[in-house]
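Student: Please find one structure pasted underneath; my questions will follow.
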Amino acid sequence: MNYGKLIRRIFAPVIVLSSLSGAGAVFAQEAGGRIDSGDLCLSASGDTRLANYCLINEINAERLTDPRGILTTDGRLKKAGFEEGLGFPGALPRFDTDLTVTPIFSYSRNVNGGNNSDELTLGAITFETDPDLLRKAGVLVGAGLQASGLYRLGGGDTITGALGFNASRAPQHGAEVIGQSQQLCYQNYMGDNTFANFCGARSVTRYELSESRQRSLTAGFTRYFQTAPRRYTGLGAQIERVFSGDTAVTSLGFAARQKTRAGDEIGLNATFGLPVSGQHVQRFGFQASYSTKLNDRALTLSAGVQRAYGSQIFGIAREDRGWSLQASYALTDALSVQVGYRRNDSSIDYFDERAPVIGVSFEPFRW
């Protein structure tokens, strides 16, 4: 990203030499009732690069002229791998590390990794589950630990990595869930507000009765642009290859995020899974989200649909159609609650699902 023209335009001596002591808030409220640049770009941001692109354009249009807001933007760009930022002095180290601990408190319909409690009926044949292998519902309480690192290569290019471990327990059943994860990503700034991303990830989740292992490789790109004054958009596409057991599934994903003039954020995601002979694959998924503020607290509403098919059990084809609704609200700066509902209707009743979504998210404790 070339900030040369931008820097020459906004950093006239009158702005550079302005007194920071009288600047007040980091992003000053704009006159005339118009939403200020900080609320527009940062209030409901689920995409750091979209927020940074928004801030740069607000500065370029001379809507963001507060010195503290400009300095904050400079720091955000340096943190994202653009070592010169907006031209202010003060360099960041090339390598950053972060250690976080996040409390876990959530409801799950299957805390032990067991089988569905329903009978499996295929035509005239009925299979019954061993009572000792049935799933159990309950509340999981625990914590997750994550160590992450960021290496800035310069010019907007970065390498990030993360190692995660989580452990939770359902006290009412004595069931434990243990998870481990690893991720390594390379981000390349291609110019013209376009980024390429390449990631590899691995995760293992162990329950009392079962275990799931998954590996994935992802490659994609995202481009940011302005569709109208104070409307900032990011469009992206990716290809993902997921390995689980002996199965490998490839999917294509497309995403769009837009910041509205009111500071809200709209997100759309579509996924298309490629068929795998004899395997049950999610062939289509679509999710829409809307993020805003309610009583000055973040509120996100989301809805999704999906369809999966491709396998047979004793000659009977399985096809699933599902949908979900969810709302997330920040009660405090450190505590959010999630409520919702999900449903899956399958051609084989055993795989039907109707379940509430209830959870609590905590802001991680950082060292």
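For (1) surrounded by fewer than 16 Cβ atoms within 10 Å (Cβ to Cβ); (2) among the acidic types (Asp, Glu); (3) under 21 Å from the mean Cα position of the chain (by Cα), each residue gets a yes or a no:
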{"residue": "Arg202", "(1), (2), (3)": "yes, no, yes"}
{"residue": "Ser216", "(1), (2), (3)": "no, no, yes"}
{"residue": "Gln238", "(1), (2), (3)": "no, no, yes"}
{"residue": "Gly245", "(1), (2), (3)": "yes, no, no"}
{"residue": "Val276", "(1), (2), (3)": "yes, no, no"}
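Student: Hey, can you tell me all the residues within segment 67-89 that are open to solvent by 10 Å² or more (accessible area, probe 1.4 Å), in contact with a Gly (Cβ under 8 Å, 6 or more places away or on another chain) and part of a loop (DSSP other than H, G, I, E, B)?
Tutor: Within segment 67-89, Ala80, Phe82, Glu83 meet the criteria.
Student: Need the failing condition index for Arg223 against (1) open to solvent by 30 Å² or more (accessible area, probe 1.4 Å); (2) over 24 Å from Gly81 (Cβ atoms); (3) in a strand (DSSP E or B), just the number.
Tutor: Among (1) open to solvent by 30 Å² or more (accessible area, probe 1.4 Å); (2) over 24 Å from Gly81 (Cβ atoms); (3) in a strand (DSSP E or B), the lone unmet condition for Arg223 is (2).
Student: Thr332: exposed (fewer than 14 other Cβ atoms within 10 Å of the Cβ), more than 26 Å from Leu134 (Cβ to Cβ) and of a type in the set (Ser, Thr, Tyr), yes or no? Break it down stepwise before answering.
Tutor: Numbers: exposed (fewer than 14 other Cβ atoms within 10 Å of the Cβ): yes; more than 26 Å from Leu134 (Cβ to Cβ): yes; of a type in the set (Ser, Thr, Tyr): yes.
For Thr332, the condition - exposed (fewer than 14 other Cβ atoms within 10 Å of the Cβ), more than 26 Å from Leu134 (Cβ to Cβ) and of a type in the set (Ser, Thr, Tyr) - is met.
Student: Still on this structure: Filter segment 164-210 down to the residues that are in contact (Cβ under 8 Å) with a residue 40 or more places away in the chain, more than 30 Å from Tyr53 (Cβ to Cβ) and in a loop (DSSP other than H, G, I, E, B) and list them by number.
Tutor: Within segment 164-210, His173, Tyr207, Glu208, Leu209, Ser210 qualify.
Student: Open to solvent by less than 50 Å² (accessible area, probe 1.4 Å) and touching a residue at least 24 places away in the same chain (Cβ under 8 Å), is that true of Ala270? Step through it out loud before you land on a result.
Tutor: Working: open to solvent by less than 50 Å² (accessible area, probe 1.4 Å): yes; touching a residue at least 24 places away in the same chain (Cβ under 8 Å): no.
It is false that Ala270 is open to solvent by less than 50 Å² (accessible area, probe 1.4 Å) and touching a residue at least 24 places away in the same chain (Cβ under 8 Å).
Student: With under 25 Å from Val111 (Cα atoms), of a type in the set (Ser, Thr, Tyr) and surrounded by fewer than 16 Cβ atoms within 10 Å (Cβ to Cβ) as the only criterion, which of Ser181, Ser212 stands out?
Tutor: Values: Ser181 fails: surrounded by fewer than 16 Cβ atoms within 10 Å (Cβ to Cβ).
Going through Ser181, Ser212 in turn, the sole match is Ser212.
The values are calculated or read from the model by the stated rules, or taken from the named source; none is laboratory data. Owing to the predicted nature of the structure, the values given are computational and were not obtained by experimental measurement. Because the Cβ atoms are built from the backbone with ideal geometry, glycine has one as well, and the counts that use them run over all protein chains shown. Just so you know, the surface numbers come from the protein's heavy atoms only, side chains and all, with ligands and any DNA or RNA stripped out. Shrake-Rupley method; radii C 1.70, N 1.55, O 1.52, S 1.80 Å.
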